[in-house]
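Quick notes on the structure that follows.
Readers should treat all values here as calculations from the given coordinates under stated rules, not as data from a laboratory. Nothing here was measured: the structure is a model prediction, and the numbers come from that model. Note that each Cβ is placed from the backbone with ideal geometry, even for glycine, and that neighbours are counted across all protein chains shown.
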Amino acid sequence: MELFDSLLPHVRYLGIDVSTAVDTAAERFAERGFQAAFMQADICNLPLPAGSVDIIFSEGVLHHTDSTKQALASLARLLKKGGRFMFYVYRRKGPLREFTDDYVRQKLQPMAPEKAWEALEPLTKLGIALGKLNAEIDIPRPIDLLDIPAGRINIQRLFYWHVAKAFYHPELSFAEMNHINYDWYAPANAARQSPEEVRRWCAECDLSIEREVVEDAGITIIARKMT
């Protein structure tokens, strides 16, 4: 944050969101005395000329659009030659977890936010119960059919990564853990990508990947526009 604070006065910053969250962001910047502009708009159809932007930073946004690939391409065209695109997107999980993610998300869509919150509470309680077991098991061989690797793993983490997102952390309250689960399942759009897809999309957008970090949860990229 200190680095961000020191750099911000020297850049022309434009924050964009499809929601009225831009108003809150503008207020926060003003409170700290930062000069910045904010726009409520669709990132897939921004009123900016091609090749007009030096840096694009998108943390956990592209996958909440109708098409992660289209969102990436729409923003990449705005970059100047040599400009950098820094982004993070969700990584695709194993087949059981992927099925559960889509199934639960679909079930929640017709519900009011309060009902969706309540519907997720039993799942959160299950995650807590598994976490409190503090037990581990050995998976002797990779279960390739389910994309489950071999090795020793905590039972809660096994369920979390390969069956359903049921977050657990002993230092968080029940409401905080339920909020983390809600934040995952509530959005209608929450696409997950493979590293191979992201690399191909970058190549198609003439983006050269300079740094790539692939984790279980997601994929972080720093890429440079070549032309």
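Can you spot the lysines whose alpha carbon is less than 28 Å from K115's alpha carbon? Ignore those fewer than 8 places along the same chain.
Partners within reach: K93, K107, K125, K132, K165.
Choose one of V22, P113, A50: the residue whose Cα lies farthest towards the positive end of the charge dipole of the stretch 1-135 (beta-carbon charges +1 Lys, Arg; -1 Asp, Glu; about the Cα centre).
Value: A50.
Local charge sum around K81 (other residues, Cβ-Cβ under 15 Å, Lys/Arg +1, Asp/Glu -1)?
Values: positive: R77, K80, R84, R224, K225; negative: D54, D206, E210.
Residues near K81 contribute +2 overall.
If you split all Cα-Cα distances of the stretch 95-185 into 10 Å bins from zero, what percentages do you get per bin, shortest first?
Computed distribution, short to long bins: 16, 44, 30, 8, 0.
Given R₀ = 25 Å, what would the calculated FRET efficiency be for K132 paired with E31, taking r from the Cβ atoms and rounding to 0.05?
Numbers: r = 40 Å, r/R0 = 1.62.
Calculated transfer efficiency: 0.05.
Among H63, H162, H169, H179, what is the fewest-to-most ranking by other Cβ atoms within 10 Å?
Least to most surrounded, the residues fall as H169, H179, H162, H63.
If R0 is 35 Å, what FRET efficiency do you get for K81 and A21 from their C-beta distance, rounded to 0.05? Mind showing how you got there, number by number?
Values: r = 31 Å, r/R0 = 0.90.
Calculated value: 0.65.
Calculated FRET efficiency, D144 and R200, Cβ-Cβ r, R0 25 Å, to nearest 0.05? Present the calculation step by step, with values, prior to reporting the outcome.
Values: r = 23 Å, r/R0 = 0.93.
Calculated transfer efficiency: 0.60.
Could you tally the net charge around F38, taking each other residue with its Cβ under 11 Å from the Cβ of F38, Lys/Arg +1 and Asp/Glu -1? Mind dumping the intermediate values first?
Working: positive: R28; negative: D17, D23, E27.
Its environment carries a net charge of -2.
Simple spin-label model, 7 Å along Cα-to-Cβ: T227 to M111 in nm?
Placing both labels 7 Å along Cα→Cβ, they lie 4.9 nm apart.
For a quick check: sort L146, L46 by the number of other beta carbons within 10 angstrom, fewest at the front. Don't skip to the end; give the middle numbers.
Working: L146 12, L46 17.
Least crowded to most crowded, the residues run L146, L46.
For the chain, what does the helix formula give at 222 nm: sum of -39500 (n - 2.57) over DSSP H segments with n ≥ 4, over the residue count, nearest 500 deg cm²/dmol? Can you show the working numbers first?
Working: 8 runs with 91 residues, N = 227.
Computed mean residue ellipticity for the chain: -12500 deg cm²/dmol.
With Rg/Rh (Cα atoms, Kirkwood Rh) defined as stated, name the option among (1) 0.95; (2) 1.04; (3) 1.01 computed from the structure displayed.
(3)
What are the lysines whose alpha-carbon lies under 25 Å from the alpha-carbon of K225, with same-chain residues fewer than 8 places away excluded?
K69, K80, K81
Within 10 Å of each residue's Cβ, count the other Cβ atoms and sort V18, V53, V89, V11 from fewest upward.
Working: V18 14, V53 21, V89 25, V11 11.
With the fewest neighbours first, V18, V53, V89, V11 line up as V11, V18, V53, V89.
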